[in-house]
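In what follows, a structure is listed as structure tokens, so that the remarks can point back to it.
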């Protein structure tokens, strides 16, 4: 492992056609080390191998830049956990304004530690639930890009995410596995929240050749005000079912 990460990580960065400076590499490696250190005390990630963190968390997060890479962006990462993909994207795209939304307090504490230690500007870690913050006027319809990784089914992700997305903005949800049924339900749900599927992009990067896809949706009209519903209602009657 070098100060720029593993050879596989470097290959992935090249495949994504990204150019990282020395400070960004240093920030990435600090983030990796802090994650592994804090993980011995808090449950932040099931991945405990240093190289796997680089590939399955960091490179996987950066794969979103395959389908969306603008110089300016207001990004919301729902259920960010230990900061994936939002905090990794912030390091590589420092001009982006990033909001990390997480319901677990210990994870928010970790995120704030990394943000403060690295001196990152225009990034905030919010402690709360997506279905509650979505009804706050300052967040609704505000973001250019909304993402969520390993959080819920597509139908639920669309109900969580669409209220935050501006008209014309994108929602990108990384997924893997057999998605035929889930995608069909997601398409039906999308119609209810004002979104439409734009792209289904296959991710083939070092260490990630396991059927990963990026599902890209566009917000075509404002999400109706009744969404998102409560978590209990979403579980009881998922959008797009039936």
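Might you check whether a residue that is closer than 18 Å to residue 149 by Cβ, without any contact (Cβ under 8 Å) to a residue 40 or more places away in the chain and not in a loop (DSSP other than H, G, I, E, B) occurs anywhere in region 206-228?
Yes, region 206-228 has at least one match.
Does residue 87 qualify as being within 16 Å of residue 231 (Cα to Cα) and in contact with a strand residue (DSSP E or B) (Cβ under 7 Å, 6 or more places away or on another chain)?
No: the conditions fail for residue 87.
To keep it simple, each residue is scored yes or no on (1) surrounded by 21 or more Cβ atoms within 10 Å (Cβ to Cβ); (2) at pLDDT 95 or above; (3) more than 19 Å from residue 25 (Cβ to Cβ).
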| residue | (1), (2), (3) |
| --- | --- |
| 88 | yes, yes, no |
| 93 | no, yes, no |
| 105 | no, yes, yes |
| 112 | no, yes, yes |
| 124 | no, yes, yes |
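Any residue in region 120-149 that is in contact (Cβ under 8 Å) with a residue 40 or more places away in the chain and on the phi > 0 side of the Ramachandran plot sitting within a Cβ distance under 9 Å of a residue that is buried (at least 16 other Cβ atoms within 10 Å of the Cβ) and in a strand (DSSP E or B)? List the pairs, counting only those 6 or more apart or interchain.
141/165; 141/166; 141/169; 141/219
Mind counting the residues in region 203-225 that are surrounded by 12 or more Cβ atoms within 10 Å (Cβ to Cβ) and over 21 Å from residue 65 (Cα atoms)?
4
In region 25-49, which residues are farther than 16 Å from residue 111 by Cα and surrounded by 16 or more Cβ atoms within 10 Å (Cβ to Cβ)?
Of everything in region 25-49, those that are farther than 16 Å from residue 111 by Cα and surrounded by 16 or more Cβ atoms within 10 Å (Cβ to Cβ) turn out to be 25, 47.
Just to verify a result, which residue in region 180-202, among those that are touching a strand residue (DSSP E or B) at 6+ places or on another chain (Cβ under 7 Å) and either part of a strand (DSSP E or B) or modelled with pLDDT under 95 (or both), is surrounded by the fewest Cβ atoms within 10 Å (Cβ to Cβ)?
Filtering first and then ranking leaves 202.
The values are calculated or read from the model by the stated rules, or taken from the named source; none is laboratory data. These numbers come from a predicted model, not from an experiment. For neighbour counting, all protein chains shown are included, and Cβ atoms are generated from backbone atoms with ideal geometry for every residue, glycine included.
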